[in-house]
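Below is one structure, written out as structure tokens, with a few remarks after it.
The values are calculated or read from the model by the stated rules, or taken from the named source; none is laboratory data. All of these numbers come straight from a predicted model, not from anything done at the bench. Note: ideal-geometry Cβ built from the backbone for every residue, glycine included; neighbour counts use all protein chains shown.
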Amino acid sequence: MELADYVRALRRWWLVSLAVAVLGAAAGWLVTSTATPEYETSTRLFVTAQTGATGGDLVQASTFAQSRVASYAELATSGAVLERVIADLGLQETPDDLAEQVTASAPDDSVLVDISVVASDPQQAAAIADATAAALSAVVDDLETPVGGGVSPVRLAQVQPAPVPTTATTPGTTLGAALGLLVGLLLGLGAAVLLDVADPRLRRAADVRASGLEVLGEVPRDPALRGHPVAFAHDASARSSQALHEVRLRVQRAAAAGSVRTVLVVGTQAGDGATTVALQLALSAAGSGAAVTLVDADLRHPAVAERLEARVPYGLTDVLDGSADVSQALRRSRGDLPGVVVAGPPPRVPSDALRSPGLRKALEELGAKADLVVVDTTPLEPFADATAVAEVVDAVVLVAARGTTRGRLARAERALRAADARVLGVVLTRMPVRGPDAVPVFSADGRRRRR
């Protein structure tokens, strides 16, 4: 994912991210407000070797002390030392428990041993540190004393008593809330990205391309599309006119190559706007000077006749059952309006009517007299009408509204492939003009318009 993808996910799921961040801050405050405060203090021991006063003796003593000091630091948390501390202070902890509170270290190239203690009581922390220093000195003295008797060659001296700490080392509620907020923000961003990746809906063109399909256009939401289709086709200022113009250009490029003459425009489901796309594709192509025919093959809920106010005595069903020929059903194109074949009377079983040999023959006859034949039909789900039409056209334009699931798009593609249809690509409709997935809106002169 690129930075823009993270920003888009955060903008889309900002409420979730905010909720997680607030929960993180609350959790941080709660943990720090209920946690037992801990106090830390430390003391230091100086290791000396007891030897003669000559220069050589002093050098040997210093080398000897340095060689032993790391071992003394490890010895500070041993049972031998901590048992003495427990006995001296009357503690209830075991040596293993106390070892978790005590740490000891020896700085490099020094003869010092640093002892640190963490406890819930500041007075006890200082007492344990001093007792540990005294116990370590005593244990070292015992270990270093020669077996035959004599004086230990090493002496550990406490530099100063451990001070009683006045401030807890555990974070306060303000810092805890701030840390919780930071963690919550990171988790919120992660949640937004996961939700965005797992979202099964089509949100933008990249989601369609991820399925292996080309995007022919992104049509934004446009109140003007609810008006008369002819008036819209002549309105270059309409928000979605440029997007539909791009769809028409791409379809016409395929038609100009000679491989596409009849094009089916079909939605994945009802409400995708496939009929609107088909109408505007036909009107736009006719307006460019091409000879275009629009065929309404939606035999269940035909809309072309009403929306174009086409009054023809015969329709497609009359052609399919042999009651009329194509020339009788075709309303000839007038000016920059396409020719139209309306649906006609509803048949008893629309899918059976569309699977009749007459459909292929009718489309071939219309294609012979036009540069482009645009066919509108019922959505791919839940009926089989669209696949019957897809079998006899040259290419298919698939229409999917934003919010359609990837699964539905995949099922639509599989159904079309099973019909041996050539899918030119997908037109995404109902795209937003504001928000993280907003599509750019251009005017007729190619300038980007303000939303």
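Condition check ((1) within 14 Å of Lys369 (Cβ to Cβ); (2) assigned by TED's automatic domain parsing to the domain that holds Pro345; (3) among the β-branched types (Val, Ile, Thr); (4) crowded, with 19+ Cβ neighbours inside 10 Å) across all residues:
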{"position": "Thr293", "(1), (2), (3), (4)": "yes, yes, yes, yes"}
{"position": "Leu299", "(1), (2), (3), (4)": "no, yes, no, yes"}
{"position": "Pro302", "(1), (2), (3), (4)": "no, yes, no, yes"}
{"position": "Ala305", "(1), (2), (3), (4)": "no, yes, no, no"}
{"position": "Gly315", "(1), (2), (3), (4)": "no, yes, no, yes"}
{"position": "Val319", "(1), (2), (3), (4)": "no, yes, yes, yes"}
{"position": "Val326", "(1), (2), (3), (4)": "yes, yes, yes, yes"}
{"position": "Ala329", "(1), (2), (3), (4)": "yes, yes, no, yes"}
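Does Ala343 meet the test of being among the aliphatic types (A, V, I, L, M) and under 49 Å from the mean Cα position of the chain (by Cα)? Spelling it out, Ala343 is indeed among the aliphatic types (A, V, I, L, M) and under 49 Å from the mean Cα position of the chain (by Cα). Taking the stretch 268-355 as the region of interest, the helices (runs of 4 or more DSSP H) fully inside it that hold 2 or more residues being of a type in the set (D, E, K, R) are 304-308. Is it true that Leu195 is at pLDDT 80 or above and either more than 30 Å from Thr63 (Cβ to Cβ) or surrounded by 13 or more Cβ atoms within 10 Å (Cβ to Cβ) (or both)? No.
Rundown of residues vs (1) assigned to a helix (DSSP H, G or I); (2) among the aliphatic types (A, V, I, L, M); (3) on the phi > 0 side of the Ramachandran plot; (4) modelled with pLDDT of 80 or more, yes/no style:
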position: Asp130; (1), (2), (3), (4): yes, no, no, yes
position: Asp141; (1), (2), (3), (4): yes, no, no, yes
position: Gly148; (1), (2), (3), (4): no, no, no, no
position: Arg155; (1), (2), (3), (4): no, no, no, yes
position: Ala191; (1), (2), (3), (4): yes, yes, no, yes
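Beta carbons closer than 8 Å, at least 6 apart along the sequence or on distinct chains, pair a first residue in the stretch 229-253 that is more than 26 Å from Ala395 (Cα to Cα) and assigned by TED's automatic domain parsing to the domain that holds Val374 with a second that is at pLDDT 80 or above and part of a helix (DSSP H, G or I) for His234/Gly287.
Conditions (1) touching a residue at least 12 places away in the same chain (Cβ under 8 Å); (2) surrounded by 21 or more Cβ atoms within 10 Å (Cβ to Cβ), marked per residue:
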site	(1), (2)
Gln66	yes, no
Glu74	yes, no
Ala80	yes, no
Glu100	no, no
Thr103	yes, no
Ser110	yes, no
Val113	yes, yes
Val117	yes, yes
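In the stretch 119-128, which residues are outside any helix (DSSP H, G or I) and either without any contact (Cβ under 8 Å) to a residue 24 or more places away in the chain or buried (at least 18 other Cβ atoms within 10 Å of the Cβ) (or both)? Ala119 - this is the single residue of the stretch 119-128 that is outside any helix (DSSP H, G or I) and either without any contact (Cβ under 8 Å) to a residue 24 or more places away in the chain or buried (at least 18 other Cβ atoms within 10 Å of the Cβ) (or both).
Taken over the stretch 373-382, residues that are at pLDDT 90 or above and surrounded by fewer than 23 Cβ atoms within 10 Å (Cβ to Cβ) amount to 1. Checked across the stretch 264-274, the condition of being modelled with pLDDT under 90 and touching a Lys or Arg at 6+ places or on another chain (Cβ under 8 Å) holds for at least one residue. Condition test on Ala370, is it in contact with a helix residue (DSSP H, G or I) (Cβ under 8 Å, 6 or more places away or on another chain) and surrounded by 20 or more Cβ atoms within 10 Å (Cβ to Cβ)? Taking the combined requirement at face value, the residue does not satisfy it. Within the stretch 382-421, how many residues are over 18 Å from Ala210 (Cβ atoms), part of a loop (DSSP other than H, G, I, E, B), among the charged types (D, E, K, R) and touching a residue at least 40 places away in the same chain (Cβ under 8 Å)? Count: 1. For the stretch 248-291, which positions are under 31 Å from the mean Cα position of the chain (by Cα) and crowded, with 24+ Cβ neighbours inside 10 Å? Within the stretch 248-291, Val266, Gly267, Thr268, Asp272, Ala274, Val277 qualify.
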